[in-house]
1. Considering only residues that are charged (D, E, K, R) and under 17 Å from K7 (Cβ atoms), look in segment 73-100 and name the one that is surrounded by the most Cβ atoms within 10 Å (Cβ to Cβ).
2. Looking only at strands (runs of 3 or more DSSP E) that fall completely inside segment 1-78, which ones have 1 or more residues that are touching a Cys at 6+ places or on another chain (Cβ under 7 Å) and modelled with pLDDT of 95 or more?
3. With respect to I93, determine if the residue is away from the ligand (no atom under 16 Å from the Cβ), outside any loop (DSSP other than H, G, I, E, B), of a type in the set (A, V, I, L, M, F, W, C) and in contact (Cβ under 8 Å) with a residue 60 or more places away in the chain.
4. List the number of the failed condition for K67; all other conditions in (1) over 18 Å from P88 (Cβ atoms); (2) more than 9 Å from the ligand (Cβ to nearest atom) hold.
5. Taking segment 37-63 as the region of interest, how many residues are within 11 Å of the ligand (Cβ to nearest atom), of a type in the set (A, V, I, L, M, F, W, C) and crowded, with 18+ Cβ neighbours inside 10 Å?
6. Being at negative phi, in contact (Cβ under 8 Å) with a residue 40 or more places away in the chain and in contact with a Lys or Arg (Cβ under 6 Å, 6 or more places away or on another chain): is that true of S14 here?
7. Name the single residue, out of those in segment 1-23 being over 17 Å from E98 (Cβ atoms) and small (G, A, S), that is surrounded by the fewest Cβ atoms within 10 Å (Cβ to Cβ).
8. Looking at segment 79-90, which of the residues that are aliphatic (A, V, I, L, M) and at pLDDT 95 or above is nearest to the ligand (Cβ to nearest atom)?
Amino acid sequence: MATITIKDNSGNTSAQFTANSDESIGTQAQDAGAPIPFSCGVGACRTCVGKVGKGMEYIDQEAVGPKHIQTEDDEILTCIAGCKKDIPADAAIEIECENL
Ligand code: FES
């Protein structure tokens with residue numbers, strides 16, 4: 001499974017972990033020590049938004065639920081986005097969170 005790196009809004013690494021495809025990226029990040037804030041938790045606000053610097057092709061934007069708002073092409077809502085299944089073990093994903 002892929003490695004996910006979470007950066008704060010200054011570009012500093014907050015957490016790095018091996019992804020799983022069963023939980024949202026935001027939940028995994030919180031468990032790994034990067035406290036990405038959630039508000040709605042269901043893809044309807046921007047509180048948990050992350051800008052994907054690397055690895056967008058490995059992300060399922062609606063892995064754990066439907067997206068209710070629009071985001072930029074390079075952004076994900078980390079409360080609902082997850083990793084696609086069967087991504088390469090050496091895949092790397094980098095996400096910078098504006099509210100972290
Ligand atoms: S917490 Fe509202 S969209 Fe993720």
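The values are calculated or read from the model by the stated rules, or taken from the named source; none is laboratory data. Quantities reported herein were computed from a predicted structural model and do not represent experimental measurements. For neighbour counting, all protein chains shown are included, and Cβ atoms are generated from backbone atoms with ideal geometry for every residue, glycine included.
1. E96
2. Where strands (runs of 3 or more DSSP E) fall fully within segment 1-78 and carry at least 1 residues being touching a Cys at 6+ places or on another chain (Cβ under 7 Å) and modelled with pLDDT of 95 or more, they are 3-7, 49-54, 75-77.
3. Judged against the criteria, I93 is a match.
4. (2)
5. Summing the residues that are within 11 Å of the ligand (Cβ to nearest atom), of a type in the set (A, V, I, L, M, F, W, C) and crowded, with 18+ Cβ neighbours inside 10 Å in segment 37-63 gives 3.
6. Values: at negative phi: yes; in contact (Cβ under 8 Å) with a residue 40 or more places away in the chain: yes; in contact with a Lys or Arg (Cβ under 6 Å, 6 or more places away or on another chain): no.
In short, no.
7. Per the criteria, the residue is S21.
8. Restricting attention to segment 79-90, the residues satisfying the condition of being aliphatic (A, V, I, L, M) are 80-81, 87, 89.
Those left that are additionally at pLDDT 95 or above: 80-81.
Details: I80: 6, A81: 9 Å.
The residue in question is I80.
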